[in-house]
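In what follows, a structure is listed as C-alpha cells, so that the remarks can point back to it.
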C-alpha cells in the first residue's frame, strides 16, 4: 500500500507542472484486511455520483481516489464518475484549483460533492502587462484578490468590494448610492493631474468602473511597481488594476442564480439638543454679547394642526436628523447561463449573464439602480483562438444635493420641516430664528437632479500560433458611454436670505467613445534550462467626447410643471463642445529565467500623446529575482520553507491624465474667442474681432514617476503559510501645477500648467496568510498592512521661487500644499485651552481676551497671535492601513469575518464646527457645556453670539476641530450554509444550493466625534477635511446561491 501511495506522489508533481488535473493523495495508514478465521470480508460497492463547482457546474477531470490506495478514476465532462470501492472506504476528491474533500462511503452507492475554489491556487497565475506568469516567477509587486472575496460585500462597485483587502491600495468610500469610491495605489503622486489607477477589463483600458457589475469578476490583480507598470507607459504611473471576468467551462451547461436583499442604515448620528435645551444656550450666547435674544429662543414657537403659529398650539421641536435620515434598502439579482466543450479538434465556451442592482438611500432623495447584461465567449480550433467579452449597462441615479450632513446641525429645532406660509411650502430660518442653514429635505424635494447612463464595454481578440514558440495576437476594445442628466428646479425657497430664484429646467447630454487596437507578437521558448519570453507590440488609442447643455427658466410656481426645454419662457441658454485625443504606442516586454531560479524582467514603451506639444516619451523598467528555495543548498529546508524569493525593480513611468477644459486635450494651446464685438470710433461702430481668452501651457508634458521596489515572497509548510513584503520609494518629477499668475496677463481660463513640482511617496507593505485543512474543518487567516509617507519635495515657480496652494473654507485657510509637507497638509492655529478667571490675560498674547475665551498657542513667541503662529499640524495620510480576513468552514457551514482600518491620521471635523462654534445660530450637541464662572471648562469657551471674542473663539482654522481619524471596522461578516448534495437529489436539476446572511460595517471603533471617520475629503488637496461627507452605511442582507 505504501508503495502505491509513493507512486501517486511521484506522478503528481510532473502532472501539476503540465497543468493536468492530477492530485496528491494524502498518505494515511490503510485499513488492514488480514485473513484470519475471525475476519469479516469487506464488501465492494459500485460508487457513483457527480462533482460540481461552487456554481453547480459539473467539473471534468476531478480525481476520485480511495484514500491510501491507487484505486481511482476521473470525472467525465459532466463531472460524473463511477468507481468500485470498499463499502467502508474513504474517498478523496481533488482537482487543481479546488480544495480537496474526503468523504466516508459508509455503504452508500451514491456520493455527490461540491468543491470550493482554493484561493491560494487560483492566485498562482497572474497577468503582468502583456504576459501571463506563474506567481512564483513574478519579479514585480503584484497583489491579487479572488471572486469569492469580491462578491462577499453587498456593494455596488468593485472599488468598495476590494477595500482593505490589498496591501498598498487605499479605498475611501461614502454611503452615497451609486458613487464610485476614491482609489489610490501607493499614495497620491500628482498635485493637479489625475491620481486614480488605470483599469484593464478583459483587455479594455478604462478609468471608470462605477457601472461595472462586481458579480462578473473572476479575479482582480493590482500592479504596483515599475516592473509591473512599465508596459502601460504614460498611463501606468498611478497603478493598474487588471480585472478578468467569468467565462464558461467545459461540461454540461449550467444555470446559476445569485440574489440578496436587505436593509441599510446610518450607524451613528449626533445627539443634538431639543428646542428648550437649544434656547437655553442660545439665550446665554446673546446675553453674554449684550444683544437681544432671538424671539423664538426667548419664547418657543407653537403651531396648530394647520402649521400656523398659534400660542395654544404645540411647541415646535424638530429632530432634523430623524426627519431626514431613514432606513434604506439594497437588492441584487444575477442570473447566468454558461457552458463549453472540449473536443479533439477544438474547444469553446460561453457565458450569458444578466444582473439588476437597486439601492435606495438612507436619507431623503438619493437612489441608484443598474441593469447589466454580459456576454463572454470564445473558441479554439487548431492554432487559432478567438474570444470576446461584452458588458452592456444602464444606470439611473438620483443625486444628493448640497451638504446635508452639515445642514442637519445648522437647522434649528424651532423650525418646522414644512411651512405653508413660505413659497414652496418648506420651513427655513427667518427673523425670529435666523439661520442660513439649508433645509435639506426642501433641497432634495425642490431640486431633482438625476442622471441616466448607457454604457457598452467590450473587447475581442484573435490569437494565432505561427509556430509552437511564436504567436500573434490582435486585441480590439471599445467603450461607448451615452448619458442624459436632468435638473428640475421647482419654485420655492430652502434657505433664509436666498434671492427669489425662478424655476428652471436643464438637460445635459453627451457621448464618449473610446477605441483601442493592440497588435502583439509573443516569443516563448526554452533552451535547455534557459527560458525566454518576449513580446513586441504596437497600439493605437482614440477618445472622442461630445457634450451639449440646454437650460430654460420660468416654468411657473407649480404645483404642476411641464419639464421640457421649449416650455420655459425666460433667457434660454445653450452650450456645448467636443474634443478628441489620441495615443500611439510601441512597446516591448520580456522575461528570462535560468532553471526558474534566476529571474529577469524588462519592459519599455514609447508613447505619442496628442495632449502635449512634445508628444513622444519613453518609459521603462527592469527587475530581477532570485528564488533561493530552488538552490541546491536549500533542499534540506524545503519541507519547512517551501518558497523563498528575493526581488527588486526600478523604472520610470508616466502620467498623462491631466484635467481642464475639453478633458485637458488642448492645454498646450491657447484659446481664442473668434466672435468678439468691439465698438470703435466716434460713432461706436460695432466691428467683429478676436481675443485670446486662455493662455497656453507650452511646457506641459508627462509627469514622470521614478519607482524603486525591493521585496521578498516566502512560503512555509507547503505554502500553508505565505508571507510577502515590499519597501518602495516613488518619486514624481515634473509634477504639473498651475500657480497663480498676475491679472495683467488677462487670462480668463485655467492658469497655465508648469512642470515644476516634485513629490515623494514611500512605504512598507506586508501580506501574511495561513490556511489549514483538518478533514471537514477548514480555516484560514490573512492580513495586510501598509505604511505610507507622502511629501511634497519641491514646489517652485518658473523663476525658482517657492509658493504654495491654499484650500479655503468660509474664508479660512485649512490646508496648505507646499514643499516639505504632505499634499493638503493641515495648516492651523493651535488650540491651547480656555482662559480662566485669575489668569494674567493682559500680559498674554491675547490681551483683549476675556475669561472663558479660547487661548491659542504663541508659536513664535513674539507676544501676539498672528498668521505667523499658524503651523502645519497633524497628519492627512494614515501611518498604517490594514485589513484582516478570517474564514472557516465545517461540513456545510462557512463563516468569514473581515476587519479593516487605518491608524495615525487626523480629520478636520467641519460638522462639529457648525455645532460647537457658538457664534452662529445653529443647533448644539446635547453634551455641549460652555464655560461659565461656575463651570470653568478647559475645552469649550463661553457662549457668545457676537463681538471680537465670538469670532476669535470660533476660528475654523484651529486644532480645536482637528480629531483623531483612526478607526477599526468590522467591514464584512458572512455566515453561509450549503445544502448537502444528498438532500438535493430529490430536486431534479438542482446541482447546488447555498443560503447566507451578510452584515457590512457592523461596528466601528473610533474616537472621531463626527458621523464617520472615513471621509472622501474635499478634493486631492484637502482630503483630510470632512465637509459634511455622507457616512458609510451599515447593511444587513440575506441571500441565496442556486446552481442548476
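Taking the Cα atoms only, what angle lies between the long axis of helix 2-17 and the longest principal axis of the chain, rounded to 10 degrees?
Around 50 degrees separate the two axes.
Sorted from fewest to most neighbouring beta carbons within 10 Å, what does the list 514, 826 look like?
514, 826
For the range 121-254, what's the relative contact order in percent, using C-alpha pairs closer than 8 Å and at least 6 residues apart? All intermediate terms of the calculation are to be shown ahead of the outcome.
Numbers: 242 pairs, mean separation 36.7, N = 134.
Relative contact order here is 27 percent.
Once each part is reduced to its C-alpha centroid, what is the distance from the range 543-602 to the range 354-372 in angstrom?
Spelled out, the Cα-based centre of one part sits 22 Å from the other.
At 0.36 nm per residue, and after removing the present C-alpha to C-alpha distance, how many nm does the segment from residue 598 to residue 578 gain when stretched out fully?
2.1 nm
What nm value, rounded to one decimal, do you get for the distance between residue 929 and residue 396 when each label is placed 7 Å out toward the C-beta?
If labels sit at residue 929 and residue 396, their model points lie 5.2 nm apart.
Using percent of Cα pairs over 41 Å apart as the read-out, say which of (1) 46; (2) 50; (3) 66 was calculated from these coordinates.
(2)
Counting only helical runs of four or more DSSP H residues, what would the 222 nm mean residue ellipticity of the chain come to if each run contributes -39,500 (n - 2.57) and the total is spread over all its residues? Kindly include the intermediate steps, with their values, before the conclusion.
Details: 12 runs with 83 residues, N = 1044.
Calculated from helices alone, the mean residue ellipticity at 222 nm is -2000 deg cm²/dmol.
As a footprinting exposure proxy, order 889, 949 by other Cβ within 10 Å, with the fewest listed first.
Working: 889 19, 949 22.
Lowest count first: 889, 949.
By how many degrees, between 0 and 90 and to the nearest 10, does the Cα long axis of helix 275-289 differ from the longest principal axis of the chain?
Value to nearest ten degrees: 50.
Where the centroid of each part is defined by its Cα atoms, how far is the range 617-666 from the range 195-227 in Å?
Cα centroid to Cα centroid, the span is 18 Å.
Given 0.36 nm per residue, what is the gain on full extension from residue 283 to residue 688 after removing their alpha carbon distance, in nm?
139.6 nm
Given a cut-off of under 8 Å on Cα pairs at least six residues apart, what relative contact order in percent is computed for the range 822-1043? Display every interim value, and only then the final one.
On the way: 472 pairs, mean separation 47.9, N = 222.
Relative CO of the range 822-1043 lands at 22 percent.
In nm, give the distance between the simple-model label positions of residue 124 and residue 843, each being 7 Å from the Cα along the Cα-to-Cβ direction.
Modelled inter-label distance: 7.9 nm.
Using the beta-carbon distance between residue 299 and residue 673 and R0 = 41 Å, what value does 1/(1 + (r/R0)^6) give for FRET efficiency, to the nearest 0.05?
Numbers: r = 59 Å, r/R0 = 1.43.
So, using R0 = 41 Å, E works out to roughly 0.10.
If a paramagnetic tag sat 7 Å from the Cα of residue 868 along the Cα-Cβ line, which residues of the range 804-839 would have the backbone N under 17 Å from that point?
It comes to 829-830, nothing else.
For residue 104 and residue 995 in one chain, what is 0.36 nm times their gap in residues minus the Cα-Cα distance, to one decimal in nm?
Stretched fully, the residue 104-residue 995 segment lengthens by 318.3 nm.
What is the calculated FRET efficiency for residue 530 to residue 554, with r their C-beta to C-beta distance and R₀ = 60 Å, to the nearest 0.05?
With R0 = 60 Å, the Cβ-Cβ based efficiency is 0.15.
For 137, 271, 465, 485, which order do you get if you count the other beta carbons within 10 Å of each Cβ and list the fewest first?
271, 465, 485, 137
What translational diffusion coefficient, in µm²/s and rounded to a whole number, does the Stokes-Einstein relation yield for the range 822-1043 at 10 °C and a viscosity of 1.306 mPa s, taking the hydrodynamic radius as the Kirkwood radius over Cα pairs?
The Stokes-Einstein estimate is 75 µm²/s.
Could you grab the relative contact order for the chain? Cα pairs under 8 Å, six or more apart, rounded to a whole percent.
Value for the chain: 11 percent.
Return, ordered by residue number, the residues of the range 690-717 whose backbone nitrogen is under 13 Å from a label point located 7 Å along Cα→Cβ of residue 745.
Counting only backbone N, you get 693-700.
Could you work out the per residue convex hull volume over the alpha carbons of the range 986-1044, in cubic angstrom?
118 Å³
Given R₀ = 30 Å, what would the calculated FRET efficiency be for residue 616 paired with residue 208, taking r from the Cβ atoms and rounding to 0.05?
Details: r = 27 Å, r/R0 = 0.91.
Computed FRET efficiency for residue 616 and residue 208 comes out at 0.65.
Along the Cα→Cβ direction, 7 angstrom out, place labels at residue 134 and residue 430. What is the inter-label distance in nm?
7.9 nm
None of the figures in this text is laboratory data; all of them are computed from the coordinates on show. Just so it is clear, the model here is predicted, and its values are computed rather than measured. Note that each Cβ is placed from the backbone with ideal geometry, even for glycine, and that neighbours are counted across all protein chains shown.
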